[in-house]
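Q: Structure provided below as C-alpha cells; questions to follow.
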Amino acid sequence: MDIARGHVLICAGTGCTSSKSGQIADEMEKQLIEKGLDKEIKVVKTGCFGLCALGPIMIVYPEGAFYSKVTVDDVEEIVEEHLLKGRIVKRLLYEETVHDGSDDIKSLNEVDFYKKQHRVALRNCGVINPENIDEYIAFDGYKALGKVLTEMTPEQVIETIKASGLRGRGGGGFPTGMKWDFTAKAQGDQKFVACNADEGDPGAFMDRSILEGDPHSVIEAMAIAAYAVGADQGFIYIRAEYPIAVHRLNIAIGQAREYGLLGKNIFGTDFNFDLEIRLGAGAFVCGEETALLTSIEGKRGEPRPRPPFPAVKGLWMKPTLLNNVETYANICQIILNGADWFSSIGTEKSKGTKVFALGGKINNTGLVEIPMGTTLREIIEEIGGGIPNGKKFKAAQTGGPSGGCIPASLMDTPIDYDSLIAIGSMMGSGGLIVMDEDNCMVDIAKFFLEFTVDESCGKCTPCRIGTKRLYEILDKITKGKGTMEDLDRLEELSNSIKAGSLCGLGQSAPNPVLSTLRYFRDEYEAHVKEKRCPAGVCKSLLSYTIIPEKCKGCSACSRACPAEAISGQIKSPFVIDSSKCIKCGACMDTCRFGAIEKK
C-alpha cells in the first residue's frame, strides 16, 4: 500500500466551489500525474476551513502551508516549487501565517482568526474528505454510537446530555436533554427523530457548512438520539438550495447503510434505525418546528398551535424529537468526552461553543466557532479582523430577522443566550452581521421587516397584517414622511405582534424594530424631525451637490449621470439639477476630485 508523503487539502464548500475550487482540485490532480507525483501526494477535497474571505483555500501538509485566494493558474507553480522542489510559494501564503523574516510557518492555531476558536461542531470541517466514510471513522467516527449501543442504556444517554448542559442551537436555546427526555417518556406506537437543516436566516450558513464538511457527524448523532428516545426512523429536512450538502448527505447515508451503521441490527444489537432526506422549498417559516414537521408530511408548511408540542404529537401525530444540525454536531463529542468536559466550556447557563456566520462590514468574513461567553468585541476585533477601510463599528445584528441590533456601547457583552436576550437581541441560529457608520439603522430594520413580510405564511392575523403595517411605517419614515407619533405606533404595534402571533416568526419579527428604536432612536428622530438620513442611505432624504471650489470642470460627472441632471461648461464648475437627480451616486463614484457632496 502506497503511503502519501504529503496531502493537499482544498476547500470544497459552497463558497470556495463558487470561486472554482473544483477546477483547482482537478488541475492539481492533473499536474501531479504529469509530474509523476500522484502516488506521493494525495489531493483531499474537504469542507469549509472557515476563513471564507480568503477562498479558495488550499493547505499543504506536512508543512501546513496555508495558501489563500488560489486560482487555477497558481496550481502549476505550487506543484513545481512546493511539491517538487520543497520551496513554499510565499506570495500565495496567508500573510499572517508567515513568521517575520524566517521561512517558518505559523500553525493555524497561532493565527488571530483561529486561536480564540474552539472547534467542536466544526471539528472535522476542513480536515477530512466528507465523501469518504473511512476518513470519518479514522477520526473516531461512529465510536460514540458503538459506545451507546453496547455500553449505555437510553436513560444513561439522556442523563449524559442533560448533565452536559447542551441547549438547542437552532435559536430558542431549549435544554436538549430535557427535550430528549420528554420524547422518550411520551406514549406512542412509533416515534421519529428529525433534523432541522432549513437555515433560512439571511447571511447564515453554519448548518450548510457542517453538512457539507462532516455529514456523518449528524447521521451518527441522530442514530444516538433515536436510540435514546425509542425511534427507528429519522428525517433530515434540508432546503433544496443547498445542492452540495444534499449531495454529500445522500452519499453519507448510502455509505452508512453499506457499513451497517444504518438499517437493521446496528452493531449487532436489536436497534434498528434509518434516515430519509426531505427537501424544503425555501420557506423561512419552515424553520419553525411545527411548520417544518407539517412540511415533511407533505402539507403546506404552516405552524400549528402549541401545545401539544412535537415531543408528544409531532410527525403524523406521533412523538417526534427535532433538533437542528449544530445541536446534533455536538452529541458525539459529549458521549466520547463526557458531560463534564462539555460543561467546562462556556458559561454557567450557556455551555459549550457556538458557531457563527460572520458577515457584513468585517475583514474576515467566514465561519467561526467560539466558546460561549466570548465577547462581541473579541469576535469583531480579534477574530474578525476589525472593520474595513478604517470605518467605525456601529452595530452587530444577531439572530437574523428574529434578532436585534447590538450597538457599539455594548461590544463587551458576552455572547450567550441570556446576555443577548437581556439587551434585546437573541442567539438565533448563528448569523452575525456587522454594520459600520455607513449603515442606516432605520433602513436595516426596514430590510428585515420586508423579509419577514415576504416570508410570513399568513396563517395568523398579527403576523400577516401586523408586519405589513410595521413595514409601511418604516418605509414612510425612510421617505421623509414620518411623524413622531409613528415612532410610538411602531412600539405599540411591535408589542402587539409579539404577544399575538401564533409562532416564533411573528413573535420575534418586531425585534429588529424594537432594538433599533431602543439604541438608535436619534437616527429615527433625524429622519422624522430633520428629514435627514445621518448615514446617507435613504434615497428620498439625500441630496447631491457640487462644491464649486473643488470642481475642475472635467465633465466626468455629467457624462456618468444616467438622468442627464448635471450641466455646465468645460473648465467651469458644473451644477446638479435636484429635480432631475435620481440619487444613484454615479456622479460621486466618478468624480476624482472629491467635488461632490452627499447630504
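The values are calculated or read from the model by the stated rules, or taken from the named source; none is laboratory data. These figures come from a predicted structure and were not determined experimentally. Reconstructed Cβ throughout: ideal geometry from the backbone, glycine too, with neighbour counts over all protein chains shown. Just the protein is used for accessible areas: all its heavy atoms, side chains included, with ligands, DNA and RNA removed. Shrake-Rupley method; radii C 1.70, N 1.55, O 1.52, S 1.80 Å.
Q: Criterion first (surrounded by fewer than 19 Cβ atoms within 10 Å (Cβ to Cβ) and not hydrophobic (A, V, I, L, M, F, W, C)) does LYS446 satisfy it?
A: Considered against the rule, which asks whether it is surrounded by fewer than 19 Cβ atoms within 10 Å (Cβ to Cβ) and not hydrophobic (A, V, I, L, M, F, W, C), LYS446 comes out as no.
Q: Would you mind telling me which numbered condition in (1) touching a residue at least 24 places away in the same chain (Cβ under 8 Å); (2) open to solvent by 10 Å² or more (accessible area, probe 1.4 Å); (3) closer than 18 Å to ILE423 by Cβ LYS498 fails?
A: Here LYS498 clears every test but (1).
Q: Let me ask you something else. Pairs please, first residue from region 247-263 and more than 15 Å from ASN129 (Cα to Cα) and modelled with pLDDT of 95 or more, second anywhere and open to solvent by 20 Å² or more (accessible area, probe 1.4 Å) and part of a helix (DSSP H, G or I), Cβ atoms under 6 Å, 6+ apart in sequence or on different chains.
A: GLY263/ARG257
Q: Select from region 10-40 the residues that are farther than 19 Å from GLU76 by Cβ and assigned to a strand (DSSP E or B) and list them in ascending order.
A: Correct list: CYS11 only.
Q: Using the structure shown, decide if GLY466 is touching a residue at least 12 places away in the same chain (Cβ under 8 Å) and not in a helix (DSSP H, G or I).
A: Criteria not met by GLY466.
Q: Output the residues belonging to region 444-476 that are touching a Gly at 6+ places or on another chain (Cβ under 6 Å) and of a type in the set (A, V, I, L, M, F, W, C).
A: CYS463
Q: Name the residues in region 474-492 that are without any contact (Cβ under 8 Å) to a residue 40 or more places away in the chain, surrounded by fewer than 20 Cβ atoms within 10 Å (Cβ to Cβ) and outside any loop (DSSP other than H, G, I, E, B), would you?
A: Across region 474-492, the qualifying residues are ASP475, LYS476, GLU485, ASP488, ARG489, GLU491, GLU492.
Q: Shifting gears a bit: Looking at (1) surrounded by 22 or more Cβ atoms within 10 Å (Cβ to Cβ); (2) modelled with pLDDT of 95 or more; (3) farther than 19 Å from GLY234 by Cβ, can you tell me which one LYS191 breaks?
A: It is condition (3) that LYS191 fails.
Q: Let me ask you something else. Residue check: is SER508 touching a helix residue (DSSP H, G or I) at 6+ places or on another chain (Cβ under 6 Å) and either modelled with pLDDT under 95 or surrounded by fewer than 16 Cβ atoms within 10 Å (Cβ to Cβ) (or both)?
A: yes
Q: Next question. Give THR290, THR347 a once-over and let me know the one that is in contact with a Lys or Arg (Cβ under 8 Å, 6 or more places away or on another chain) and either open to solvent by 10 Å² or more (accessible area, probe 1.4 Å) or under 28 Å from GLY165 (Cα atoms) (or both).
A: Exactly one of THR290, THR347 is in contact with a Lys or Arg (Cβ under 8 Å, 6 or more places away or on another chain) and either open to solvent by 10 Å² or more (accessible area, probe 1.4 Å) or under 28 Å from GLY165 (Cα atoms) (or both), namely THR290.
Q: Now, a different point. In region 1-39, what count of residues is obtained for those that are farther than 22 Å from MET206 by Cβ, open to solvent by less than 10 Å² (accessible area, probe 1.4 Å) and touching a Ser or Thr at 6+ places or on another chain (Cβ under 8 Å)?
A: So the count comes out to 1.
Q: OK, next. Looking at region 325-344 only, could you name the residues that are open to solvent by less than 30 Å² (accessible area, probe 1.4 Å) and either at positive phi or among the aromatic types (Phe, Trp, Tyr) (or both)?
A: Those that are open to solvent by less than 30 Å² (accessible area, probe 1.4 Å) and either at positive phi or among the aromatic types (Phe, Trp, Tyr) (or both): TYR328, GLY338, PHE342.
Q: Consider VAL229 against the criteria (1) under 19 Å from GLY399 (Cβ atoms); (2) crowded, with 19+ Cβ neighbours inside 10 Å: it satisfies all of them except one. Which criterion is unmet?
A: (1)
Q: Something else about it: Within the bounds of region 26-40, is there any residue that is without any contact (Cβ under 8 Å) to a residue 40 or more places away in the chain, over 21 Å from ASP214 (Cβ atoms), β-branched (Val, Ile, Thr) and in contact with a Leu (Cβ under 9 Å, 6 or more places away or on another chain)?
A: The answer is no, given that none of the residues of region 26-40 is without any contact (Cβ under 8 Å) to a residue 40 or more places away in the chain, over 21 Å from ASP214 (Cβ atoms), β-branched (Val, Ile, Thr) and in contact with a Leu (Cβ under 9 Å, 6 or more places away or on another chain).
Q: Here's another thing I want to ask about it. Please note which helices (runs of 4 or more DSSP H) are completely contained in region 514-599 and include at least 1 residues that are β-branched (Val, Ile, Thr).
A: Result: 521-529, 586-590.
Q: Going by the structure shown, is HIS216 under 25 Å from LYS45 (Cα atoms), open to solvent by 10 Å² or more (accessible area, probe 1.4 Å) and at pLDDT 95 or above?
A: In short, no.
Q: Another one. Quick check on GLY282: is it touching a Cys at 6+ places or on another chain (Cβ under 7 Å) and of a type in the set (Gly, Ala, Ser)?
A: For GLY282, the condition - touching a Cys at 6+ places or on another chain (Cβ under 7 Å) and of a type in the set (Gly, Ala, Ser) - is not met.
Q: Confirm whether ALA204 is in a helix (DSSP H, G or I) and among the small types (Gly, Ala, Ser).
A: So ALA204 fails the test.
Q: Here's a follow-up. Is it fair to say ILE582 is β-branched (Val, Ile, Thr), more than 30 Å from PHE284 (Cβ to Cβ) and open to solvent by 30 Å² or more (accessible area, probe 1.4 Å)?
A: Spelling it out, ILE582 is indeed β-branched (Val, Ile, Thr), more than 30 Å from PHE284 (Cβ to Cβ) and open to solvent by 30 Å² or more (accessible area, probe 1.4 Å).
Q: Quick one: which strands (runs of 3 or more DSSP E) lie wholly within region 227-346 and hold at least 1 residues that are acidic (Asp, Glu) and closer than 14 Å to PRO215 by Cα?
A: 274-280
Q: Mind counting the residues in region 41-79 that are out of contact with any strand residue (DSSP E or B) (no Cβ under 7 Å at 6 or more places or on another chain) and either assigned to a loop (DSSP other than H, G, I, E, B) or closer than 25 Å to LEU249 by Cβ (or both)?
A: Here the count works out to 4.
Q: Within region 106-149, restricting attention to residues that are modelled with pLDDT under 95 and among the hydroxyl-bearing types (Ser, Thr, Tyr), which residue is surrounded by the fewest Cβ atoms within 10 Å (Cβ to Cβ)?
A: SER107
Q: Still on this structure: Since GLY400 meets every condition but one in (1) among the small types (Gly, Ala, Ser); (2) over 17 Å from GLY50 (Cβ atoms); (3) more than 16 Å from the chain's Cα centre (by Cα), which condition does it not meet?
A: Only one criterion in (1) among the small types (Gly, Ala, Ser); (2) over 17 Å from GLY50 (Cβ atoms); (3) more than 16 Å from the chain's Cα centre (by Cα) is unmet by GLY400, namely (3).
Q: Does THR183 satisfy being over 28 Å from the mean Cα position of the chain (by Cα), at pLDDT 95 or above and under 29 Å from LEU505 (Cβ atoms)?
A: Yes: the conditions hold for THR183.
Q: Filter region 80-99 for residues that are charged (D, E, K, R) and assigned to a helix (DSSP H, G or I) and give the result.
A: Of everything in region 80-99, those that are charged (D, E, K, R) and assigned to a helix (DSSP H, G or I) turn out to be GLU80, GLU81, LYS90, ARG91, GLU95, GLU96.
Q: Go through region 146-186 and give me each residue that's in contact (Cβ under 8 Å) with a residue 40 or more places away in the chain and among the small types (Gly, Ala, Ser).
A: GLY146, ALA163, SER164, GLY165, GLY168, GLY170, GLY171, GLY172, GLY173, ALA184, ALA186
Q: Testing TYR471 on (1) surrounded by fewer than 24 Cβ atoms within 10 Å (Cβ to Cβ); (2) outside any helix (DSSP H, G or I); (3) of a type outside the set (A, V, I, L, M, F, W, C), one condition comes back false. Which one is that?
A: All conditions are met except number (2).
Q: With (1) touching an Asp or Glu at 6+ places or on another chain (Cβ under 7 Å); (2) modelled with pLDDT of 95 or more as the list, and THR545 as the residue in question, which single condition is left unmet?
A: (2)
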